[in-house]
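A short reminder: the numbers here are calculations on the coordinates, not readings from a lab. Keep in mind that this is a model prediction, so the values were computed, not measured. Note that we place each Cβ from the backbone using ideal geometry, even for glycine, and neighbour counts take in every protein chain shown.
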Amino acid sequence: MFRTLRSTLAIALAALFVVSAVALAADTTMSGTVQKVDTQKGQITLRSDEGKTVELQAPADLLAGLQTGDAVEVKVSGQKATLIHKQQGALRPEMDGVLPRQQPGELRPSQ
């Protein structure tokens, strides 16, 4: 009986580890600012909107056209970027984080 219980417990733990590994490898999406692009090594360093710096592997075609300071949304699987989307109208560090001034639109008073 002890052997059966031990075998059942071992199988249950193995299944738990497999499920945990699959959950960790699931795709997630993060937004942030490009800190560094290294097309030779196929790496991008990203500072997330939460302030965390992450280094990801990425194919050269995903890194093409990216520059330091670009705001991006990245789909991540493990430690690899699987999709990188440049966000339009994003803040750039060389502009001190300020968007160009626009003409004010019509403002309605609050009631």
>> At 7 Å along Cα-to-Cβ for each site, give me the label-to-label distance between Phe2 and Ser77 in nm.
In response: 4.6
> When Lys and Arg each count +1 and Asp and Glu each count -1, what net charge do the other residues less than 13 Å away from Gly42, Cβ to Cβ, add up to?
Replying inline: 0
> For segment 28-88, rounded, prolate or oblate, judged on the Cα gyration tensor with a ≥ b ≥ c (square roots of eigenvalues), a/c < 1.5 rounded, else prolate if a/b > b/c?
Replying inline: rounded
> Around Val74, what is the net charge, scoring Lys/Arg as +1 and Asp/Glu as -1 over all other residues with Cβ under 13 Å from its Cβ?
Replying inline: 0
